[in-house]
Every structure is written in structure tokens, then in C-alpha cells.
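J.: Before anything else, here's the structure in question.
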Amino acid sequence: MPLFLLVSITLAIACFFLAGAFFQLSKGHLVDIIPTWPRKPIAPGVVIGAICLVWSAYYGCLMLEGNLAKLHPIVWALVPITIGLSIFYLDYINARAFGGFFTLSANFLIIKAFVHDVPARPFFSCICLILGVFGMVSLSLPWRIRDLFELGGKNKQAASILAAVFAFCGFLLIVMPIFARL
């Protein structure tokens, strides 16, 4: 895998964190939208979720070896079926889709950090671990993401702290690939 993919995924996640920081500090119309974001609109969750399902199917097919390789077409056939069922039956689709993306990305980034010479590799791995835990919490407890945004909307001090944490994580995820490119 080229280093470009490592940098691209890291920067995409950094943008998500910076958007979270912006939302925590924003006042006005965005404060009304943020608590409903984990559920509505479903389009971003469907797109990111579809990407995650394809990514997961690829990893799943890598694990099916030998006699189990004949199951590859079934795994790939289940991807569009799962996307359709998710649209109609999965609640908190945005939070779950982004949680899946963060979890899959954390795994990918840790693997690639050891393939390429990423500076401060242990520190980068710790950031990826936090990213993966955040993703798993978002997958299993998606209403906590809504609660986190609501806390920021109600309490200015909590919003400032959350924005600082999100901005710090986003900043680190932007700076690390720049050093990897040098």
C-alpha cells in the first residue's frame, strides 16, 4: 500500500475531528442540528457505512482461505443486502457508520505506521488506539455521541473542553502525516 493511502485516511479522520471541534464551538443553527446528527440525515451514514461494509468484506475474504474461499461470493453478495437492511432498520446510522470507519481506520493506520517509517510511532499508535476505542464506543453506544454533542450545546465550558480535545486530535493527525512525508 502506498504511503498516500495512509496520509489520506489520516487526514480524513483529522477533518472529522476538526469538524467536531467546529460544531462544539458553533452557536446558532448548528447547535439545533447537532443533537439530531447521529440519526438524521441518513445519507452520510449510508455512504460511509457502505464504504465500511466493502472494507470489512475485503478483510473478511482475506480471512477465508482454503476450502472457505468458496464463500467469497456470498460475502460480497451480503454487502448490498446489508446496506439495504441498514437503511431501513439501523438506528443511529451516522454515529455507527463513523464509528465503523474510525475502528477500521485505526487498524489500518497502526498496520501502516509499522510498514512505513512514521516518526514517533508509539505516540501515533496511541492516537490510533484512542481512535479505535472511540469508534467502538460509537458503534456499540451511538447515543453517547448524541449525548456528547448535547453536553457541548448546553454547557459552554464542556463545549470548550470538547472542542479543544477534538482540535488537538485533529491537529495531531494532520501533523503526523506531514512528518511521515519528510
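Laboratory data are not the source of any read-out in this text; all were calculated from the coordinates shown. Here the structure is a predicted model, which means the values were calculated and not measured. Quick reminder, even Gly has a Cβ in these numbers, built from the backbone with ideal geometry, and neighbours come from all protein chains shown.
J.: Would you work out which of Leu148, Trp76, Asn107 lies farthest towards the positive end of the dipole of the chain? Charges go on Cβ: Lys and Arg +1, Asp and Glu -1.
T.: Result: Leu148, furthest along the dipole toward the positive end.
J.: Assign one of three labels to the chain, namely rounded, prolate or oblate, based on the Cα gyration tensor with a ≥ b ≥ c the square roots of its eigenvalues; rounded applies when a/c is under 1.5, prolate when it is not and a/b is larger than b/c, and oblate otherwise.
T.: oblate
J.: Simple spin-label model, 7 Å along Cα-to-Cβ: Ser56 to Asp147 in nm?
T.: 2.3
J.: Return the distance in nm (one decimal) between the two label points of a simple spin-label model at Asp117 and Ser26, each offset 7 Å from Cα along Cα→Cβ.
T.: Placing both labels 7 Å along Cα→Cβ, they lie 4.2 nm apart.
J.: Could you calculate the FRET efficiency of Leu68 with Val47 from 1/(1 + (r/R0)^6), where r is the beta carbon distance between them and R0 is 41 Å, rounded to 0.05? Kindly include the intermediate steps, with their values, before the conclusion.
T.: Numbers: r = 30 Å, r/R0 = 0.73.
Result of the calculation: an efficiency of 0.85.
J.: Scan the chain and note any complete DSSP helix (H) whose C-alpha atoms cover at least 15 Å along its axis and whose Kyte-Doolittle average is 1.6 or more. Please list the in-between numbers first.
T.: Working: long enough: 3-25 (33 Å, 2.36); 43-63 (30 Å, 1.64); 72-89 (25 Å, 1.56); 93-115 (33 Å, 1.25); 121-140 (28 Å, 1.74); 142-154 (19 Å, -0.64); 156-181 (38 Å, 1.73).
Membrane-span-like by this rule: 3-25, 43-63, 121-140, 156-181.
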